[in-house]
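Before any comments, here is the structure.
The values are calculated or read from the model by the stated rules, or taken from the named source; none is laboratory data. Since we're looking at a predicted model, the values are computed, not measured. Neighbour counts are summed over all protein chains in view; Cβ atoms, including those assigned to glycine, are modelled from backbone coordinates with ideal geometry. These area figures cover heavy atoms from the full protein model, side chains too; ligands, DNA and RNA do not enter into them. Shrake-Rupley method; radii C 1.70, N 1.55, O 1.52, S 1.80 Å.
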Amino acid sequence: MAGEATGRQWAPLPASADDVVADFYSDMKSIPTKGMLDALLNARVGDVQKGEDPTTTELCQRVAEMLGKEAAILLPTGTMCNEISIRIHCASGSELIAERSSHIINFEAGGPAALSGVMMHSIDGEFGRFTAEQVRAAYRPISRYAPETSLVAVEQTTNLGGGGIWSLEELGEIAETSKSLGLATHMDGARLLNACVETGVSAKQYATGYDSVWIDLTKGLGGFAGAVLAGTDDFINHAWRYAQQWGGGLRQSGYIAATGLYALDNNLEQLARDNALAKTIGAQIATLPHISEVLPVETNIVIFNLDESGPDAATVVSKLRDQGVRLGVFGERTVRIVTHIGVGPEGGDLLIKRLRALLEE
């Protein structure tokens, strides 16, 4: 059943989305454009497991080069990219270091434990980021009694950290410290390209020092499925095996790959517009009554907290949904907004107008 996150529960959504005017729940709510669908319909395809799908091959080669890695694989989801990477980098019974608000910890259904027997060592960072000193403090010296620390994972940009961008210096320090401790490094790059268009730093630069990294074809790029995981040739050979084992082996994946190629050719400028719209929305929300905090807006995510004197997050989101504007509940008094290709400045104006009216009641 479709639902909306409300803490640890799911609140049912209306059976039909016909009345939704502006959907800011997630950038994964974007709908492929006609140009993208035309690219899908005209894709050259074949059995990718036999190396016969030229469109998938082209996409993987392009993304590997873009990320500065030897090879890449197209997978159904970003979650599978994360979980396969954990399985390859970590032995069963070992430990992964990640920020407490990361996608791996909060939104993958306990995958590291269930699929790979891996424990999580969560770090309390700031806006989803942590420091090299925190990695060193979290690292466990080898002991027969303790789990072995194996992997450090970062998220660029930070989802629950409000779309925050890791700087090159921060990422470099994390990678250098991890390597000095003998740890593998992984980058969840679901929104990596939002950071790239915002800063002018290339994806390859951001991914330097990270053993595995992926980008999502959905979210800001506007596709309907797929993510591309990159690493060394040996790493990707292992990834193919786990993709098959875990049900991620595709066939005529060129249809998905064609949407990814189209997005890389046509939708990168859209990411800059998404970032700009989010900043405008965040600045306007900060002026409204009953707003206690707006997290710094660096890319396409706006997270704000409501004070105790006004309505809670579930009430605000429910009432706005009845008016055709959809947001996400991410805590008792926390709301998330995500901009994407499916919403423009008009949707942002409508959101602010209706949120203002609600909070001024």
In terms of the Cα gyration tensor, with a ≥ b ≥ c the square roots of its eigenvalues, is segment 244-298 rounded because a/c is under 1.5, prolate because a/b exceeds b/c, or oblate?
oblate
Value at 222 nm in deg cm²/dmol, rounded to 500, when DSSP H runs of n ≥ 4 in the chain each add -39,500 (n - 2.57):
-12000 deg cm²/dmol
Loop-located GluC sites (Glu not before Pro) in segment 217-312, at most 16 other Cβ atoms within 10 Å (DSSP):
GLU308
Mean accessible area per residue over the chain (1.4 angstrom probe, all protein chains present, square angstrom) is 43
Carbon and sulfur together cover what percent of the accessible area of the chain at a 1.4 Å probe radius?
50
Too long for a 31 Å Cα-Cα cut-off, among LYS69/LYS219; LYS29/LYS279; LYS29/LYS69; LYS204/LYS319; LYS179/LYS279, are LYS204/LYS319; LYS179/LYS279
Please give, to one decimal in nm, the separation of the simple spin-label points placed at ALA276 and MET119, each 7 Å out from Cα toward the Cβ.
4.9
Estimated distance in nm for a label pair at ILE142 and ASP307, the labels positioned 7 Å out from Cα along Cα-to-Cβ
5.6
Could you give the distance between the Cα centres of segment 288-331 and segment 45-105, to the whole Å?
33
Go through segment 89-139 and name the trypsin sites (Lys or Arg not before Pro) that are in a DSSP coil and have 16 or fewer other Cβ atoms within 10 Å of their Cβ.
ARG100
What does the charge dipole of segment 211-361 about its Cα centre add up to, to the nearest 20 debye, if the Cβ of each Lys and Arg holds +1 and the Cβ of each Asp and Glu holds -1?
420
